[in-house]
Amino acid sequence: MTDALALLIVWHSRTGGSEALARAAADGAGAAGQLVRAEDVTPDLLVAAGGYLFIGPENLAALSGAMKEMFDLCYYPCLGQLEGRPYATIICAGSDGENAQRQLDRIATGWRLKRVVEGMIVNTAAQTPEAILAPKTIGADRLADARDLGAALAEGLAAGIF
């Protein structure tokens, strides 16, 4: 999809939580959403999109390595080309998620993106090594929130609100 109004949904997941949230958001966005794994994102995809939803886990109080790698590879090639475009985020965390959210927001600030909704942090309460490494199941209410966010972002882009 290369429509300039497309919502690019970039995700990374290690245990399935962020993937479930990303798929729910893509369902909400419908045909206006393009779901792409972080490792498959290119600067061209970012430049072609009208807005962004970044979804990933917090690992050790930071963005997951794959999300950070995507930003590392795309940051400079996209610098000066994304200003003013809308973005939103979903962080899947075992407890807090705030530091990963701050880290992502600082990167978005460098690109001069415009946050259009407050960041969503989904707390899985995984605190033991076994729980942290276990596959995650996200509750229906949080999946509905992600679906609604995807729909709202797609509708806002289509209506020219953002």
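Surface calculation, 1.4 Å probe, protein heavy atoms: ILE132 sits at approximately 80 Å² accessible. You can think of it this way: the chain between GLU39 and ASP96 has 18.1 nm of extra reach, that is 0.36 nm per residue less the Cα-Cα gap.
The Rg/Rh ratio of segment 1-84, with Rg taken over Cα atoms and Rh as the Kirkwood radius over Cα pairs, comes to 0.96. What the pair-distance distribution of segment 73-160 shows, using all Cα-Cα distances binned every 5 Å from zero, is 3, 12, 18, 19, 19, 14, 9, 4, 1, 0 percent. Taking all protein chains into account, the per residue accessible area for segment 79-131 stands at 50 Å² (1.4 Å probe). Name the longest site-free stretch of the chain, where the excluded sites are GluC sites (Glu not before Pro) in a DSSP loop with no more than 13 other beta-carbon atoms within 10 Å. Longest site-free region, per DSSP loop and neighbour criteria: 1-82.
Close amide-amide hydrogen proximity is noted between LEU53 and LEU8, ILE9, VAL10, ALA88, each under 5 Å apart and 5 or more residues distant or on a separate chain (H modeled in the peptide plane; Pro and chain starts excluded).
If both residues of a DSSP beta bridge must be in the chain, then about 10% of such bridges are antiparallel. Taking all Cα pairs closer than 8 Å and separated by 6 or more residues, the relative contact order of the chain comes to 31 percent. Here the simple spin-label model places points 7 Å from the Cα toward Cβ, and for LEU133 and ALA158 these points are separated by 4.4 nm. Each helix, a run of at least 4 DSSP H residues, gives -39500 (n - 2.57); summed and divided by the residues of the chain, these come to -14000 deg cm²/dmol at 222 nm. Normalised by residue number, the volume inside the convex hull of the Cα atoms of the chain is 91 Å³ per residue. Helix 17-29 axis versus longest C-alpha principal axis of the chain: approximately 40°, rounded to the nearest ten.
Along segment 84-97 the Karplus relation, 6.51 cos²θ - 1.76 cosθ + 1.60 evaluated at θ = phi - 60°, assigns HN-Hα couplings of x, 6, x, 8, 9, 9, 10, 10, 9, 10, x, 8, 9, x Hz to successive residues, with x for each Gly and Pro.
The values are calculated or read from the model by the stated rules, or taken from the named source; none is laboratory data. No experiment lies behind these values; they were computed from the predicted model shown. Because the Cβ atoms are built from the backbone with ideal geometry, glycine has one as well, and the counts that use them run over all protein chains shown. These accessible areas exclude ligands, DNA and RNA; they are computed on the full protein's heavy atoms, side chains included. Shrake-Rupley method; radii C 1.70, N 1.55, O 1.52, S 1.80 Å.
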